[in-house]
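Report on the structure given below.
The values are calculated or read from the model by the stated rules, or taken from the named source; none is laboratory data. The structure displayed is predicted, hence computed values, not measured ones. Cβ sites come from the backbone with ideal geometry, for glycine too, and all protein chains shown count toward neighbours.
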Amino acid sequence: MAQRRSEKTAARIAADISSGKKSKKRPPLYRLNALEYKAWPMLVSMNAKKFLVDPAKCIGCGQCVRICPKGNIHMVCGTPAIGADCYQCLSCLQYCPQKAISLGGVTEKRERYHNPNISPELLNQSIIHID
Ligand code: SF4
Ligand code: SF4
């Protein structure tokens, strides 16, 4: 479902670009962008505190540790501990094979999604680690 939606959106964007279509929307105000840029690290670190790892589901495979571009996840006694130095890329959550990671319980029952053409191994090879 999510995949179909993304493919439709991507096809529409590609067609717009190919035809040189110009958006009628105004670009966001610079000052708002600047504010968001300043507040973002604080918002992200607040959100990162909401990460939960379900010990009943986690198999300690370490995929979340390898996939985190920020080096923000460490194994502690076989269980991942997620710190606050996070980009909110959500790769850990979306790529966990056990759906053991959730964000504040909100994502508990939500569908997980990642590009089916990008395996965790492929992502690991091309990932830019910023730790
Ligand atoms: S990817 Fe999921 S199952 Fe594997 S260690 Fe991380 S939380 Fe546990
Ligand atoms: S959301 Fe991204 S940056 Fe944050 S802990 Fe997970 S993988 Fe790392």
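Some points to look at:
- With respect to (1) surrounded by 11 or more Cβ atoms within 10 Å (Cβ to Cβ); (2) out of contact with any Phe, Trp or Tyr (no Cβ under 8 Å at 6 or more places or on another chain); (3) farther than 25 Å from residue 5 by Cβ, the lone exception for residue 82 is condition (2).
- In the range 20-44, the qualifying residues are those that are modelled with pLDDT of 80 or more and of a type in the set (Ser, Thr, Tyr), and the one that is surrounded by the most Cβ atoms within 10 Å (Cβ to Cβ) is 37.
- Candidate set: the range 67-93, residues that are touching a strand residue (DSSP E or B) at 6+ places or on another chain (Cβ under 9 Å), more than 10 Å from ligand 1 (Cβ to nearest atom) and without any contact (Cβ under 8 Å) to a residue 40 or more places away in the chain; chosen: the one farthest from residue 57 (Cα to Cα): 83
- Conditions (1) farther than 24 Å from residue 3 by Cα; (2) at pLDDT 90 or above; (3) surrounded by fewer than 16 Cβ atoms within 10 Å (Cβ to Cβ): number failed by residue 65: (3)
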